[in-house]
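Beneath this line is the structure, given in C-alpha cells, with notes to follow.
Just so it is clear, none of the values below were taken in a lab; they were calculated from the coordinates. A quick note: this is a predicted structure, and the numbers were derived from the prediction, not measured. Here the Cβ positions follow ideal geometry from the backbone for every residue, glycine too, while neighbour counts run over all protein chains shown.
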Amino acid sequence: MIPYGRQEITAADLEAVAEVLRSDFLTQGPVVPMFEEQLAAYCGASHAVASSNATASLYLACRALGLGPNDRLWTSPNTFVASANVALLCGAEVDFVDIDPATYNMSVEALASKLEQAKRESRLPKIVLPVHFAGQSCDMQAIAELAQHYGFRIVEDASHAIGGSYLNAKVGNCRFSDVAVFSFHPVKIITTGEGGIATTNDSELAYRMALLRSHGITRDDSRMQGDSEGPWYYQQLDIGFNFRLTEIQAALGLSQLKRLDAYVARRHEIAQQYDRRLASLPIIKPYQCPKARSSYHLYPIQVEANRSRIFKQLREAGIGVNVHYIPVPAQPYYQHLGFRASDCPNAVKYYEHAISLPMFPTLTEEQQEKVCRCLEVALQ
Ligand SMILES: *Cc1c(COP(=O)(O)O)cnc(C)c1O
C-alpha cells in the first residue's frame, strides 16, 4: 500500500538519536532548548516551547492565554478533533466558523459576520483558533484586523504548515497571532515520533506555557513567592501536567529540521506533478492562495462522482488515500453537545467529496504515476 503520508529517517537522524541515548540526559537536558532555539529562529519568532505533542501545545497555549469556564473559543470545522477539544479541556465553550469553499480554511467573511452577531449578544470569543489546512496559511492579516476590532486572541493551529509561508514570511513568526503550534507526528512535515511546539513573540506567554508544561513548577528565583530556600528549592505556582518533549525526540527534531526546506521543495514538486498529470480529470485540485506558500502537508482533491466508490477502488488498488476531515461538529461527542454539522454547510460539502492523495517526500515517480493511473481508472 502506498500510504498518504510517511516519515523519512536518515542515517544522520539515527546517529543524532544514538548520541543522545549515550549522553547523560534523556530528558530535561540541553537538546530540547537547542531545538526550541533553532525552530524559533527558523520561523522568525522570539520564543518556542516544545511539548509532547501538538494537542498538548494547543492546550498549553489556551491555558497560558487564560481560557477557562465562561470563555469561548472558535475554530474551523475542517480540522482534526484536537483543535476543538482543547477548548473543552480548558472548561470553555467551543464553536465553529464555516470554511471558505476555495481554500477550505476558516472563512474570514463567515468569521466577520459571526463576530458581529456575537458582539450584539455579548458572546464574543476569547480565542480564535484558525487551522492552516493542508499546509496553506489562513489569511492571518485579515483575522488579526478582526482581533484588533473585537478584542480576541489568536492561536494558529499550524500543525500542517511548518515550512510554509504567508506574505513572504515563515508561518510561525506570529506577526499576526499570539501563538502558533506545529505538530511533529510522523505524517506531518518533520517528525519527532510524537511532539509539538508553540512559537510566540510574547515572553510572558512563553514562560506560562513552559510553566504549565511541567506541573506548574518553577526553579527560577525571580518568579518565586518569597525567597528561595536553597539550590534544591522549587515552587508550584499553578496546576500543570507533564507535557515535556524528551531529549531523544528533540535530537530527532533537530536533525529533521535541517531537511525541512528540502522536504517542502520536494512536496511542491509532487504537487506540481499532480497538477499537470490530473489536469484533464473531472476533479478540483487544491487551490493555492497567492498570499501563501503551502507546505503541502496534504494534496486534497474534490471528486464530483461517488466519493465512497472511488475511495474504495483506490484502496483496493493499493493506494492509501485518506479523507481530511470529517467535520468536527459531525462527531458523536459534539452531536451530544448539540452541534449540527449542517451549521457548517461548506465543510460538509467539502468533506463529502474529499480525497487526500499520497503526499510525502520519498514518494517515487513510479508510485505517483501509479496513483494517477488508478485515479484515472476510478473516475471512468
Ligand atoms: C496532527 C494535528 C493535530 C494534533 O497533533 P498531535 O501532535 O498529534 O497532537 C492538531 N491539529 C491538526 C490540524 C493536526 O493535523
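Along the axis of the charge dipole computed for the chain (Cβ charges of +1 for Lys and Arg, -1 for Asp and Glu, origin at the Cα centre), the listed residues S228, N168, F35 are led at the positive end by N168.
Only four residue types carry charge here, +1 at the Cβ of Lys and Arg and -1 at the Cβ of Asp and Glu. Report the dipole size of segment 137-250 about the Cα centre in Debye, rounded to the nearest 20.
280
On the basis of the beta-carbon distance and an R0 of 35 Å, L21 and Y333 show a calculated FRET efficiency of 0.35.
If you take all other residues with their beta carbon under 14 Å from the beta carbon of L21, and give Lys and Arg +1 and Asp and Glu -1, the sum is -4.
With the charge dipole of segment 286-380 set up from +1 on Lys and Arg Cβ and -1 on Asp and Glu Cβ about the Cα centre, the Cα lying farthest toward the positive end among the listed residues Q331, P358, S295 is that of Q331. The 3J(HN,Hα) values that the Karplus relation (6.51, -1.76, 1.60; θ = phi - 60°) gives for segment 344-356 are, in residue order, 10, x, 5, 5, 5, 5, 4, 4, 5, 10, 8, 9, 9 Hz. Gly and Pro appear as x.
Taking 11 Å as the cut-off, the amide N atoms of segment 355-380 that come nearer than this to a point 7 Å along the Cα-to-beta-carbon line of R307 belong to 355-356. Counting 0.36 nm for each residue step from M34 to S203 and taking away their Cα separation leaves a gain of 59.1 nm.
Once a ≥ b ≥ c are taken as the square roots of the eigenvalues of the Cα gyration tensor of the chain, is the result rounded (a/c under 1.5), prolate (a/b larger than b/c) or oblate (a/b not larger than b/c)? Can you show the working numbers first?
On the way: a/c = 2.07, a/b = 1.28, b/c = 1.63.
It is oblate, given that a/c is not under 1.5 and a/b is not larger than b/c.
Rounded to the nearest 20 debye, the dipole size of the chain about its Cα centre is 920 debye, using +1 on the Cβ of Lys and Arg and -1 on the Cβ of Asp and Glu.
Shown for D95, D220: other C-beta atoms within 10 Å of each C-beta, ranked fewest to most, produce the order D220, D95. When Rg and the Kirkwood radius Rh are both evaluated on Cα atoms of segment 1-76, their ratio Rg/Rh stands at 1.08. What the phi angles of segment 89-95 give under the Karplus curve with 6.51, -1.76 and 1.60, with θ = phi - 60°, is a coupling list of 5, 7, x, 8, 8, 10, 8 Hz, glycine and proline written as x. Return one number: the angle in degrees, 0 to 90 and rounded to the nearest 10, between the long axis of the Cα atoms of helix 140-150 and the longest principal axis of the Cα atoms of the chain. Compared with the principal axis, the helix lies near 50 degrees. If you plug the beta carbon distance of K119 and K349 into 1/(1 + (r/R0)^6) with R0 = 22 Å, you get a FRET efficiency near 0.20.
Give me the net charge for the shell around T191: Cβ to Cβ below 14 angstrom, other residues only, Lys and Arg +1, Asp and Glu -1.
On the way: positive: R6, K188, K258, R259; negative: E8, D13, E194.
That sum, taken over residues with Cβ under 14 Å, equals +1.
With 0.36 nm allotted per residue and the present C-alpha distance subtracted, the E366-Q235 stretch has 41.4 nm of extension available.
As a proxy for reagent exposure, ranking E36, E8, E194 by other Cβ atoms within 10 Å from fewest up yields E8, E194, E36.
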